[in-house]
Amino acid sequence: MTDRELLALAAKAIGITGEWSDTYQRIEIIDAGKFTAGWNPLKDDGDALRLAVDMAAQQVSHVELFINADPDDKQPFTHIYTPAAGEHIHYGLDRECDMRAVTRRAIVYAAARIGRLQ
């Protein structure tokens, strides 16, 4: 699945509507014919956190997120559970991975799984 498809399904899960921008690689949120915001939780920490909170706040699903970034741990990971999607999503990492990027992707993937069910 492409990042664009992941984002479209994640947006669907929480009711965001907009148009994809190839130029900015994000969903452009339009309200009353005017651009209001760009949205890409794969690239933006704030968008990812708002996505996780919105999934819970809109009662789409509660979200359990566990991030093990212990520098002494040989295998850091991000783990997310969303009962609405009925699955645990576990991303193991190697030492060279960006923990924030992997955590954002886990959140978006969980939301996309919910969006697919709607």
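Restricting to the range 18-57, what's the tally of residues that are surrounded by fewer than 12 Cβ atoms within 10 Å (Cβ to Cβ) and either aliphatic (A, V, I, L, M) or on the phi > 0 side of the Ramachandran plot (or both)?
Residues in the range 18-57 being surrounded by fewer than 12 Cβ atoms within 10 Å (Cβ to Cβ) and either aliphatic (A, V, I, L, M) or on the phi > 0 side of the Ramachandran plot (or both): 3 in total.
What pairs can you find where one residue is in the range 34-46 and more than 18 Å from residue 2 (Cβ to Cβ), the other is at pLDDT below 95 and part of a strand (DSSP E or B), and their Cβ atoms are less than 7 Å apart, with a gap of 6+ or different chains?
36/29; 36/30; 37/29
Among the residues of the range 53-83, how many are outside any strand (DSSP E or B) and either at pLDDT 80 or above or under 17 Å from residue 117 (Cα atoms) (or both)? Before you say what the answer is, go through the steps one by one.
To start, the set of residues in the range 53-83 that are outside any strand (DSSP E or B) comprises 53-63, 69-76, 83.
Filter once more, so that each one left must be either at pLDDT 80 or above or under 17 Å from residue 117 (Cα atoms) (or both): 53-63, 83.
Going through the range 53-83 one residue at a time, the tally reaches 12.
Which one is nearest to residue 58 (Cα to Cα) among residues in the range 1-47 that are polar (S, T, N, Q) and not in a strand (DSSP E or B)? Working first, answer last.
We begin by selecting, within the range 1-47, every residue polar (S, T, N, Q); these are 2, 17, 21, 23, 25, 36, 40.
Among the residues that remain, those that are also not in a strand (DSSP E or B) are: 2, 17, 23, 25, 40.
Values: 2: 26, 17: 15, 23: 30, 25: 26, 40: 19 Å.
Applying the filter and picking the extreme gives 17.
Give me the pairs, please: first residue somewhere in the range 1-14 and more than 12 Å from residue 39 (Cβ to Cβ) and of a type in the set (Gly, Ala, Ser), second residue anywhere and surrounded by 19 or more Cβ atoms within 10 Å (Cβ to Cβ) and at pLDDT below 95, beta-carbon distance under 6 Å, and either six or more positions apart or on two chains.
Every condition considered, the pairs that remain are 13/60; 13/111; 13/114; 13/115.
Of the residues that sit in the range 84-118 and are small (Gly, Ala, Ser) and at pLDDT 90 or above, which one is nearest to residue 55 (Cα to Cα)? Walk me through how you get there before you give the answer.
So the first thing to find is which residues in the range 84-118 are small (Gly, Ala, Ser), and the list is 84-86, 92, 101, 106, 110-112, 115.
Retained after the next criterion (residues that are at pLDDT 90 or above): 111-112, 115.
Numbers: 111: 7, 112: 11, 115: 10 Å.
Among those that are small (Gly, Ala, Ser) and at pLDDT 90 or above, it is 111.
The values are calculated or read from the model by the stated rules, or taken from the named source; none is laboratory data. Just so we're clear, the structure is a prediction, and the values are computed from it rather than from any experiment. Heads up, the Cβs are rebuilt from the backbone with ideal geometry, glycines too, and the neighbour counts pull from every protein chain shown.
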